[in-house]
Structures are given as structure tokens and as C-alpha cells.
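Asker: Have a look at the structure that comes next, please.
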Amino acid sequence: MRIDVVTIFPSYLQPLREALLGRAIDRGLLEVAVHDLRDWTHDVHQAVDDSPYGGGPGMVMRPQVWGEALDDVLATPDLPARLVVPTPAGRPFTQATAHAWAAEERLVFACGRYEGIDERVLLDARARGITVDEVSIGDYVLVGGEVAVLVMVEAVARLLPGVLGNPRSAAEDSFSDGLLEGPSYTRPEVWRELAVPDVLRGGNHAAIARWRRDRALERTRDRRPDLLDALGPDALDAADRAA
Ligand SMILES: COC(=O)COc1cccc(COC(=O)c2cn[nH]c2)c1
């Protein structure tokens, strides 16, 4: 997978080159190119923003600069790209989104700042047949899209074959069965007088699976009842409902 990021703060994306993702890049499982938006300005001040029509606080990112940047970065007709714009006003980014994007050949991320990018940049891209996804990673406002890109790239890249050491991890992710993951334990058996639940120290794998499912249902009911509602009626069997 090829990932391009356009931003006025390229160094914000440096963490992508660390640790697991860095190794995936070194192994050629992933290609990441970060572009400085200011490379497409032509004035001495390298201006990327201007005052908003209609007034109001803050500044808006200029269409000319973004237009030229995306013309260059998206200019790969042989490799259809998806343009992703992180924004508080976007559709929710979920594990399902991550799985869908993991199948893409190419993702291009546009990092907005200030009050956002002039809307015509997205209209123009869509008019040219580019798929444009405006996505939110949560209901809060960041200063710019860069951190959201780090979140989304990590969520997608870990699903790519060969990136995670243990592929079962991705398959058994939280949300993979629609529930939150329950508690985990490792050695020692007792720590600060707190013991690991007996069932986990036994060898009864059916009982362990039942216990883990019960803890996941309990936690999901408590913290994310919306996820339970989203599950189909037949997703929970009688034993689940009794949990
Ligand atoms: C068309 O879209 C744009 O212009 C985007 O512009 C902006 C402006 C400010 C901040 C951001 C970063 O995204 C978030 O804050 C965000 C994403 N998820 N949850 C919060 C993006």
C-alpha cells in the first residue's frame, strides 16, 4: 500500500517511521510519502490560508495551493487513489473503515488546519472522479489533521498482511465480534494480593471462552450499550443473554 500525506507540518508524521510501522516500511509492506503543502505556494510568505468569506473567526486554507498540491500528488491514473480528509465534521472512522481501506492500493491524506480547507478543493476532486472521504476519529476538535492521520494509518497498516507478528491478533481485535475486549492477565498469579481469575489458570478451554465472552458482554453493556444495540438480534445466544 502506498500512502501520501499532504501537510504544513511534515515532521508531525515522523512517528510513522518508528517501531512496527517503521519496520513495515523498511520491509516494503507499506510506502509512506509526506509532502509539505508549502512546496506548492509561489509567494514569498508561502501563504496557505486567508480570511473566511462571510466573516467569522479563524482562517481558511486557500484552494489554489491545495489544488496544485493534489493535482501533483493524485496524478497517478494507473493507481486509483482515495483522498481522505480528517475533519470533526466527517463520517465516523471505525474498525470497519480500517478494514475497507486496508484493501486499497493507495490512500492520500489531506491534513487541514485552521478552520479547514476551502470546500471547493473537495468539490473539484470529486468532480474529477476522485473518491473523497471526510472522516472523523472522534467527537472533539484537534488543531490539525496530522494526529488523526497517525491514528488512521496505524489502524489500517496493522491490518496489512505481514505487519503484525501474530495475524490472529488482528482477527481477534476488539470489535471483531462487535464487542469490547474483556480484561487480560499475565504472570504472576498473585500480584499485590490480587489473583488471576481461577478459570484462566485452569485448562478448560470451553469455560475460558465462556468466561471471556461474559466479561466482554458485561463490559460492552456497561461502557458501550450502543454497540450492543448495533448487534443483530441473533448475535447473542441464550448463554450470552444470561450473562
Ligand atoms: C474539509 O475538512 C477540513 O477542512 C478539515 O479541516 C480541519 C480543521 C481543523 C482540524 C482538523 C483535524 O481534524 C479534527 O480535528 C478531527 C478529526 N476527527 N475528529 C476531530 C481538520
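Asker: Here are some conditions: (1) part of a helix (DSSP H, G or I); (2) within 8 Å of the ligand (Cβ to nearest atom); (3) not aromatic (Phe, Trp, Tyr). Residue 71 meets all but one. Which one does it not meet?
Answerer: (2)
Asker: Now for a different question. How many residues are farther than 18 Å from residue 139 by Cβ and either within 11 Å of the ligand (Cβ to nearest atom) or of a type in the set (Asp, Glu) (or both) when one looks only at segment 90-108?
Answerer: Count: 2.
Asker: What number goes with the only condition from (1) surrounded by fewer than 20 Cβ atoms within 10 Å (Cβ to Cβ); (2) within 12 Å of the chain's Cα centre (by Cα); (3) within 21 Å of residue 17 (Cβ to Cβ); (4) within 12 Å of the ligand (Cβ to nearest atom) that residue 154 does not pass?
Answerer: For residue 154, the exception is condition (4).
Asker: Is it true that residue 131 is surrounded by fewer than 16 Cβ atoms within 10 Å (Cβ to Cβ) and under 11 Å from the mean Cα position of the chain (by Cα)?
Answerer: no
Asker: So which pairs qualify, if the first residue must be in segment 112-128 and closer than 18 Å to residue 55 by Cβ, the second must be part of a helix (DSSP H, G or I), the Cβ gap must be under 8 Å, and the two must be at least 6 apart or on different chains?
Answerer: If the second residue must be part of a helix (DSSP H, G or I), the pairs left are 118/63; 118/66.
Asker: Go through segment 41-68 residue by residue and tally those that are assigned to a loop (DSSP other than H, G, I, E, B) and crowded, with 17+ Cβ neighbours inside 10 Å.
Answerer: The number of residues fulfilling the criteria is 3.
Asker: I've got another one for you. Check segment 118-133 and report whether any residue there is away from the ligand (no atom under 11 Å from the Cβ), in a loop (DSSP other than H, G, I, E, B) and either under 26 Å from residue 227 (Cβ atoms) or aliphatic (A, V, I, L, M) (or both).
Answerer: Checked segment 118-133: at least one residue is away from the ligand (no atom under 11 Å from the Cβ), in a loop (DSSP other than H, G, I, E, B) and either under 26 Å from residue 227 (Cβ atoms) or aliphatic (A, V, I, L, M) (or both).
Asker: Within segment 1-31, how many residues turn out to be aliphatic (A, V, I, L, M), within 19 Å of the chain's Cα centre (by Cα) and either surrounded by fewer than 20 Cβ atoms within 10 Å (Cβ to Cβ) or part of a loop (DSSP other than H, G, I, E, B) (or both)?
Answerer: 6
Asker: Hey, could you check segment 69-116 for residues that are surrounded by fewer than 17 Cβ atoms within 10 Å (Cβ to Cβ) and polar (S, T, N, Q) and say which is farthest from residue 171 (Cα to Cα)?
Answerer: Checking each candidate, the answer is 76.
The numbers here are math on the coordinates, done by the rules we state, and not lab data. Please read these numbers as outputs of a predicted model, since none were measured by experiment. So basically every Cβ, Gly included, is an ideal-geometry build from the backbone, and we count neighbours across all protein chains shown.
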